[in-house]
Amino acid sequence: MKRLAGKVCVVTGGSLGIGRACALRMAAEGARIAVFDQLRTEGRALVRQLIGQGSAAAYWHVDVARERQVAKAMGEVDTRFGTIDVLVNNAGIAGANKPTHELTEEDWDRVLAVNVKGVFFCTKHAVPFMSRLGCGSIINLSSIYGLVGAPDVPPYHAAKGAVRLMSKTDALIYAKQGIRVNSIHPGYIWTPMVENHLRDSGVLDLEAGRRDLAALHPLGRVGEPDDVAWGAVYLASDESRFVTGSELVIDGGYTAR
């Protein structure tokens, strides 16, 4: 059964990690995929893979922190595929790992521009196409650190908390138009961003670092991108038609304590 047959899904930050896994799983479930990213080589390679597997897909070179680029790309997706049914706001960066009093304004603004303003711009310019249909699903990637705190990367935690409440607000605003908005809150998922975070934290042995992260989760392992992608497939599908304003926590039990 193709759970997303006929749907057009925009995945931001779709070239690597969680975004790539979402694109692959959604395509396998019958969706047509629009990959938004700044990693041109990786994005185009993913699109070639999807097309080779029989899926319809295309790549757009987009900086989600630039409204004009977002608006133009959304319009081109609609022109190419005829609609936009699903938006996965996945694009994000970790940013500077410094205590608050050592952060510069530039450090702060860089993270908020991608992780918060990017969600705003993409939602703003996807909603008109969804409203035309009277339905749609917006899936915002927050984090466990949109639910609980930690003593590191303050801009990242602030941004992910913002995404959590943006999701609830937009769920209420657009419910009458049939547009559902939900957030996903992953624990530590083994992606290039997490690997880079470990390196920036001074971890030289990545395998030892991975074991340390695994120990933070009651299930005893770090998550894989697919663990999150399957949650996104559910929220994109009609199986979740009565789900909006919710927080889907995929964290191996991290926040259960």
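Dipole of region 187-249, Cα-centred, from +1 at each Lys and Arg C-beta and -1 at each Asp and Glu C-beta, to the nearest 20 debye?
Around 100 debye, computed over region 187-249.
Using alpha carbons only, how many degrees (0 to 90, rounded to 10) separate the axis of helix 118-133 from the longest principal axis of the chain?
Around 20 degrees separate the two axes.
Using a basic spin-label model with each label point 7 Å from the Cα along Cα→Cβ, how many nm lie between T255 and T83?
Between T255 and T83, the simple spin-label model gives 3.1 nm.
Report the relative contact order of the chain, percent, no decimals, based on alpha-carbon pairs under 8 angstrom and at least 6 residues apart.
20 percent
Using every Cα-Cα pair within the chain, state what percent have a distance larger than 28 Å.
Considering the chain, 29 percent of its Cα-Cα pairs are separated by more than 28 Å.
Hey, what does the equivalent ellipsoid look like for region 176-223, semi-axes from the Cα gyration tensor as sqrt of 5 times each eigenvalue, largest first, whole Å?
Three semi-axes, in Å: 30, 14, 6.
Given 0.36 nm per residue, what is the gain on full extension from Q49 to A214 after removing their alpha carbon distance, in nm?
Between Q49 and A214, full extension yields 56.3 nm more.
Using a cut-off of 15 Å between beta-carbons, work out the net charge of the residues near V243 (Lys and Arg +1, Asp and Glu -1, V243 not included).
0
Quick one: grab the alpha carbon gyration tensor of region 133-257, order the square roots of its eigenvalues as a ≥ b ≥ c, and give me rounded if a/c is under 1.5, else prolate or oblate depending on whether a/b is larger than b/c.
It comes out prolate by the Cα gyration axes.
How would region 57-148 be classified by its alpha-carbon gyration tensor: rounded, prolate or oblate, with rounded meaning a/c under 1.5 and the a/b versus b/c comparison settling the rest?
Verdict is prolate for region 57-148.
Give me the distance between the Cα centres of region 35-58 and region 211-247, rounded to whole Å.
Computed from Cα coordinates, the inter-centre distance equals 23 Å.
Mind ranking 239-246, 8-15, 37-44 by how tightly packed they are, going by the mean number of other C-beta atoms within 10 angstrom, highest first?
My ranking of the peptides, most packed first, is 8-15, 37-44, 239-246.
Determine the distance separating the Cα centre of region 109-136 from the Cα centre of region 144-181; give it in Å without decimals.
So the two Cα centres are separated by 13 Å.
Could you work out which residue, out of D170, D152, D85, moves most in a Gaussian network model of the chain, that is, has the largest mean-square fluctuation with Cα springs under 10 Å?
Answer for the Gaussian network model of the chain: D152.
List the lysines whose Cα sits under 19 Å from the Cα of K124, skipping any in the same chain fewer than 8 residues away.
Of all the lysines, those that pass the test against K124 - Cα under 19 Å, at least 8 places apart if same chain - are K72, K160, K168, K176.
Find out how many positive minus negative residues lie around T83, taking Lys and Arg as positive, Asp and Glu as negative, among other residues whose Cβ is under 9 Å from that of T83.
Local net charge: 0.
Suppose we keep just the DSSP beta bridges with both residues in region 6-84; what percent of those would be antiparallel, to 5?
Antiparallel bridges: around 0 percent, rounded to the nearest 5.
Just name one of I93, G223, L141: the one whose Cα is farthest towards the positive end of the charge dipole of the chain (beta-carbon charges, Lys/Arg +1, Asp/Glu -1).
Sorting the options by dipole projection puts first L141.
Coordinate-derived values only; no laboratory data. Quick caveat, the model's predicted, so the values are computed rather than measured. Because the Cβ atoms are built from the backbone with ideal geometry, glycine has one as well, and the counts that use them run over all protein chains shown.
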